[in-house]
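Data block below; observations after.
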Amino acid sequence: KAGVTQTPRYLIKTRGQQVTLSCSPISGHRSVSWYQQTPGQGLQFLFEYFSETQRNKGNFPGRFSGRQFSNSRSEMNVSTLELGDSALYLCASSLTGQGSYEQYFGPGTRLTVT
Amino acid sequence: AQSVTQPDIHITVSEGASLELRCNYSYGATPYLFWYVQSPGQGLQLLLKYFSGDTLVQGIKGFEAEFKRSQSSFNLRKPSVHWSDAAEYFCAVGARDTDKLIFGTGTRLQVFP
């Protein structure tokens with residue numbers, strides 16, 4: 001069974017631009033979560049989606065948004081990029097979105113903002 | 001507020017030595033507790049988890065962790081470390097009905113031959 005895939009793996013953008021990151025969960029998984037990982041702030045929760053509905057949102061500005069499609073694939077968008085948005089963005093999927101089921105993480109998308 | 005503290009930023013051990021990584025949490029209800037490992041350039045891999053029941057849980061790669069409610073701790077242990085265990089380790093707290101995790105700041109493990 002294929003794991004969680006994230007595209008692209010690496011991305012370089014300029015301040016003020018916008019970016020869209022994609023996450024394809026493991027087949028059959030209905031829950032997708034996103035995290036931002038930086039050296040200064042560590043791993044911070046961004047969003048959680050289950051069956052196309054956002055269930056939880058982390059403490060990030062409105063420039064960060066996301067969505068989930070009917071096939072459970074998810075995208076996150078960051079508008080008006082700032083230097084501080086440079087990070088590794090990780091997504092994870094699980095079968096049911098209940099905390100007791102294992103979450104599987106993708107390899108991440110490394111975003112660099114210049 | 002929920003939080004996780006990993007007091008050790010960096011730990012160095014010799015191969016074959018025992019290992020204990022500390023984790024303390026703050027959570028109002030009974031937490032779901034996790035340990036993840038991240039190798040350079042990789043995503044996170046679940047080592048073990050605790051929801052309820054036996055407070056000593058076994059995980060993959062020979063790791064175990066013990067939940068101590070009185071100390072709000074969930075320390076990770078391994079009796080004999082291998083060079084391949086060098087990585088960053090994250091403790092996390094979660095809850096029922098959500099996949100949202102609150103992570104600690106991580107402990108980087110270095111293993112010397």
Inset, instruction - For A:Asn77 and A:Asn59, calculate 0.36 nm times their separation in residues minus their Cα-Cα distance, and state this gained length in nm to one decimal. - result: 5.0 nm
Legend entry - Gain on full stretching of the segment that runs from A:Glu52 to A:Arg9 - 0.36 nm per residue minus C-alpha separation: 13.1 nm
Inset, instruction - Using R₀ = 25 Å, calculate the FRET efficiency as 1/(1 + (r/R₀)^6) where r is the Cβ-Cβ separation of B:Asp54 and B:Trp83; round to 0.05. - result: 0.25
Legend entry - Anchor A:Lys13: lysines whose Cα lies under 26 Å away (excluding residues fewer than 8 positions away in-chain): A:Lys57
Inset, instruction - Starting from the stretch A:1-106, pick out the trypsin sites (Lys or Arg not before Pro) whose DSSP state is loop and whose Cβ has at most 14 other Cβ atoms within 10 Å. - result: A:Lys1, A:Arg9, A:Arg15, A:Arg63
Inset, instruction - Rank these for me by crowding, B:Ile11, B:Ile102, going from fewest to most other beta carbons within 10 Å. - result: B:Ile11, B:Ile102
Inset, instruction - Give me the net charge of A:Gln36's neighbourhood, meaning all other residues with Cβ under 13 Å from the Cβ of A:Gln36; Lys, Arg count +1, Asp, Glu -1. - result: +1
Inset, instruction - Beyond 23 Å, what share of the Cα-Cα pairs of chain B is found? Please give it as a whole percent. - result: 22
Inset, instruction - Give me the number: length gained by fully extending B:Phe112 to B:Glu15, i.e. 0.36 nm times residue separation minus the C-alpha to C-alpha distance, one decimal in nm. - result: 34.3 nm
Inset, instruction - Translational diffusion coefficient, Stokes-Einstein: compute it for chain A using the Kirkwood radius over C-alpha pairs as Rh, at 25 °C and 0.890 mPa s, and state it as an integer in µm² s⁻¹. - result: 176
Legend entry - Exceeding the 19 Å Cα-Cα cut-off - candidates B:Lys49/B:Lys78; B:Lys68/B:Lys100; B:Lys78/B:Lys100: B:Lys68/B:Lys100; B:Lys78/B:Lys100
Inset, instruction - Among A:Glu48, A:Glu75, A:Glu82, rank each residue by its count of other Cβ atoms within 10 Å, from fewest to most, as a rough exposure measure. - result: A:Glu82, A:Glu75, A:Glu48
Legend entry - For the protein assembly as shown, the Rg and Dmax computed from alpha carbons only, in angstrom: 17.5, 51
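We did not get these values from a lab; they are worked out from the coordinates using the rules stated. Computed from a predicted structure; not experimentally measured. Cβ coordinates were reconstructed from backbone atoms using ideal geometry, including for glycine residues, and neighbour counts include every protein chain displayed.
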